[in-house]
Amino acid sequence: MARKPETNIDELGLSATALAVVTERYLCRDSDGRVRESPGQMMDRVAGFVARAEDAYRARTADRWAERFSALLRSREFLPNSPTLMNAGTGSGVLSGCFVLPLEDSLDSIFATLHTTALLHQVGAGTGFAFSHLRPHDDLVHSTGAHASGPLSFITLFDAATQVVRLGGRRRGANIAVLDVHHPDIQEFVHAKSDRTALPTFNLSVGVTEEFMLAATADRPHPLINPRTGRVVQEVSARALMETIAAQAWRTGEPGLLFLDTINRANPLPELGPLEATNPCGEVPLRPYESCNLGSLALPRFLAGDHLDEQRLAQAVRVAVRFLDDVIDVSDYPTPELAAAAGATRKIGLGIMGLAETLAALGLPYDSEMAVRFTRRLMSRIARWGHAASRELAAERGVFPLFDHSRWAAASSAPMRNAQVTSIAPTGTIALLAGTSAGIEPMFALSYTRHLLGRAFVQVEPLFERLATERGLWSPAIAAEIAATGTATHPDLPVDLRRRFVTALEIDPVWHVRMQAAVQRHTDAAVAKTVNLPETADIDQVRNVFQHAWRAGCKGITVYRSGSRPDQVLRPPPPT
Ligand code: CDP
């Protein structure tokens with residue numbers, strides 16, 4: 001697509017925050033480091049590059065699709081994950097945000113994966129690993145007659161490498177380490193971040209089974225199994241282990257839990273083997289070598305008065321699914337295994353952001369039955385439209401190569417282009433660009449100072465200010481109260497306004513979990529969400545959140561108790 005010269009750096013009407021993020025993270029620079037494109041031109045660059053995939057399916061259609069994609073991105077109704085925005089058409093062309101890499105119990109496998117990890121972090125992608133197959137600490141190493149150093153030592157190695165590679169990148173590479181709850185080193189793993197500065201590039205999750213969750217409730221013994229020999233090496237109390245996990249999560253926000261049986265019941269390709277790990281923020285369970293390119297719809301952009309314009313939303317879903325399917329074809333993959341795995345299942349992750357802002361605009365308090373019901377219904381529609389778009393692509397381009405081995409083939413004769421279509425990302429950066437609340441999280445505060453890229457931005461929730469002003473309620477006293485507390489609790493405010501702007505820490509944890517579960521119900525992959533707890537919460541509450549999330553059908557759970565990490569950022573993981 002021909003590039004029109006644009007002098008207006010702010011032709012998209014971006015906020016100061018959005019402009020700062022775009023300039024720092026996404027805009028192309030010349031060899032002297034000078035910015036050489038506007039935000040609009042960046043959207044054209046991304047759209048034009050991704051649309052090149054179209055020509056391979058139907059000659060000379062790329063330009064037409066480039067226009068459609070560009071219009072969608074420029075409207076900020078939909079944005080792909082950061083690596084696509086940063087890398088498309090720039091020469092360092094890894095466009096997917098998330099990868100899972102294999103770790104077998106051998107130095108060859110571990111160091112080959114360390115190498116691939118470095119290549120992926122260099123271009124801003126995140127990596128997830130199951131360390132569950134590595135033999136435990138002090139186990140025998142036949143070749144040397146010595147003792148093994150165990151998963152934790154290798155997690156430390158990956159962390160150090162990530163920190164080194166980070167120094168050169170525009171986005172800090174993030175990792176997740178998953179350890180199966182049966183691994184003999186599980187205690188060490190659970191405590192790995194007791195020192196709050198340890199493993200800064202890693203999120204940790206314990207992979208738990210239903211058997212373990214039930215054993216913890218019933219106070220039954222739990223076997224620890226050496227993955228090298230398959231032998232039970234010890235029995236521990238499931239309840240005590242759960243207590244330790246909850247206590248650590250209470251103290252530091254980590255580890256989280258992954259509900260492996262729930263994840264595997266929804267595995268679209270069980271024949272390939274079980275899913276054992278996710279990407280760093282947990283929203284995409286993947287097999288080793290698989291990747292997923294994410295993209296999110298900015299829901300508030302579809303507001304039309306007191307409702308969402310579902311026709312326009314359905315249309316955007318259709319174009320977004322096509323865009324994400326095209327990304328698979330034009331992305332670079334640092335190794336042949338990664339290219340083959342992406343092509344075999346063609347997993348994509350279409351999600352939503354700005355849920356909290358949308359609920360507030362519609363007058364639905366986040367912690368209410370109405371909001372949960374609205375969101376469940378909305379997600380079911382987005383999933384339906386997304387699957388329909390994938391079927392349409394299958395009719396045009398063919399099914400994903402492993403379709404015949406998938407649950408989709410077993411469930412119905414409807415062909416699918418993508419083994420997985422929907423996923424809810426945290427949208428840590430792209431929500432700033434879209435100017436809305438992140439993912440499906442509630443608003444964190446109505447006014448806050450965001451420290452970003454070395455600068456401070458004071459923000460007041462614009463929707464609150466607008467609605468309060470329209471109703472003649474915006475006063476210096478209220479402004480001061482919001483600036484001081486971050487919440488709409490001033491007694492002069494009417495209850496309906498206070499309720500619809502309820503913030504993360506005012507929301508009972510039960511509602512956090514209920515919202516996550518409602519969204520999960522209609523999401524193919526998983527949901528990135530943090531259950532925020534007030535500083536006064538106790539360990540029992542953490543354990544209850546874990547149990548509730550498992551019973552409600554979530555695929556994983558992360559808690560964060562206010563003040564439990566010294567470097568408290570606006571939102572816990574991912575580290576941006
Ligand atoms: O908003 P943005 O596209 O930058 O990313 P996100 O939605 O906050 O995170 C999506 C995924 O990108 C995460 O689950 C990680 O897999 C990865 N990520 C990363 O590798 N490094 C970061 N600093 C942030 C996210």
Dipole of the chain [Lys/Arg +1, Asp/Glu -1 at C-beta], most positive-end residue of Ala18, Ala477, Phe69: Phe69
log10 of Debye I(q)/I(0), alpha-carbon scatterers only, for the stretch 112-165 at 0.26, 0.30 Å⁻¹: -1.01, -1.17
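Which percent of the accessible heavy-atom area of the chain goes to carbon and sulfur, probe 1.4 angstrom? Walk me through the numbers before you get to the answer.
Values: 11690 of 22360 Å².
After summing per-atom areas, the C and S share lands at 52 percent.
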q = 0.11 Å⁻¹: log10 I(q)/I(0) that the Debye formula gives for the stretch 53-171, counting C-alpha atoms only: -0.55
In Hz, Karplus ³J(HN,Hα) per residue of the stretch 340-350 (6.51, -1.76, 1.60; θ = phi - 60°; x = Gly, Pro): 5, 5, 5, x, 6, 10, 6, 6, 10, x, 7
Projected-area average for the stretch 320-414 over all orientations - Cα convex hull basis, square nanometres: 8.1 nm²
Among 290-301, 535-546, 472-483, the order from most to least packed when residues are scored by Cβ within 10 Å on average: 290-301, 535-546, 472-483
Per DSSP, loop GluC sites (Glu not before Pro) in the stretch 10-72 with at most 16 further Cβ within 10 Å: Glu11
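For the stretch 305-356, what number results from the quotient of the Cα radius of gyration and 2.2 N^0.38 Å?
Working: Rg = 15.2 Å, N = 52, 2.2 N^0.38 = 9.9 Å.
This ratio for the stretch 305-356 stands at 1.54.
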Interchain or long-range residues, amide H under 5 Å from Val236's placed H: His222, Leu224
Stokes-Einstein diffusion coefficient of the stretch 417-525, Kirkwood radius over Cα pairs, 10 °C, 1.306 mPa s, in µm²/s: 100 µm²/s
Which of Ile186, Phe403, Phe78, positive extreme of dipole for the chain (C-beta unit charges): Phe78
Among 347-359, 243-255, 219-231, the order from most to least packed when residues are scored by Cβ within 10 Å on average: 347-359, 243-255, 219-231
Cα-only Debye scattering, the stretch 460-576: base-10 log of I(q)/I(0) at q = 0.11, 0.12, 0.22 Å⁻¹: -0.48, -0.56, -1.17
Dipole moment magnitude, nearest 20 debye, the stretch 316-381 about Cα centre, only Lys, Arg, Asp, Glu C-beta charged: 400 debye
Dipole magnitude of the chain about its Cα centre (Cβ charges: Lys, Arg +1; Asp, Glu -1), debye to nearest 20: 1100 debye
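Which order do Tyr289, Tyr26 take when ranked by solvent-accessible area (1.4 Å probe, heavy atoms of all protein chains), largest first? Kindly include the intermediate steps, with their values, before the conclusion.
Numbers: Tyr289 80, Tyr26 0 Å².
Descending accessible area places them as Tyr289, Tyr26.
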Between the stretch 257-279 and the stretch 301-341, the Cα center-to-center distance that results, in Å: 23 Å
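More than 17 angstrom separation, counting every C-alpha pair in the stretch 209-299; what % is that?
Working: 2664 of 4095 pairs.
Across the stretch 209-299, Cα pairs with separations above 17 Å total 65 percent.
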Cα Rg, Dmax (largest Cα-Cα span) when computed across the chain, Å: 23.3, 78
Kirkwood Rh (inverse of mean 1/r, distinct Cα pairs), the stretch 63-111, angstrom: 13.5 Å
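Assuming R0 = 41 Å, can you tell me the calculated FRET efficiency for the pair Glu24 and Thr229, based on Cβ-Cβ distance, to the nearest 0.05?
Values: r = 50 Å, r/R0 = 1.22.
FRET efficiency, Glu24 to Thr229: 0.25.
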Sum of -39500 (n - 2.57) over DSSP H runs of 4+, divided by residues of the chain (222 nm, nearest 500): -13000 deg cm²/dmol
Rg [Å, one decimal], Dmax [Å, integer] - the stretch 149-211, C-alpha atoms: 12.8, 44
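Which value, in Å², gives the accessible area per residue of the chain when a 1.4 Å probe is used on the protein heavy atoms? Each step should come with its number before you reach the end.
Details: 22360 Å² over 576 residues.
Accessible area per residue: 39 Å².
For the chain, what's the relative contact order in percent, using C-alpha pairs closer than 8 Å and at least 6 residues apart? Numbers along the way, then the final one.
On the way: 1161 pairs, mean separation 87.5, N = 576.
Computed value for the chain: 15 percent relative contact order.
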Of all DSSP beta bridges in the chain, antiparallel share, percent nearest 5: 45 percent
For Val559, residues with placed amide H under 5 Å, excluding near neighbours: Val531
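The values are calculated or read from the model by the stated rules, or taken from the named source; none is laboratory data. This is a predicted model, so every value here is computed, not measured. Cβ coordinates were reconstructed from backbone atoms using ideal geometry, including for glycine residues, and neighbour counts include every protein chain displayed. What goes into the accessible areas is simple: the full protein's heavy atoms, side chains included, and nothing from ligands, DNA or RNA. Shrake-Rupley method; radii C 1.70, N 1.55, O 1.52, S 1.80 Å.
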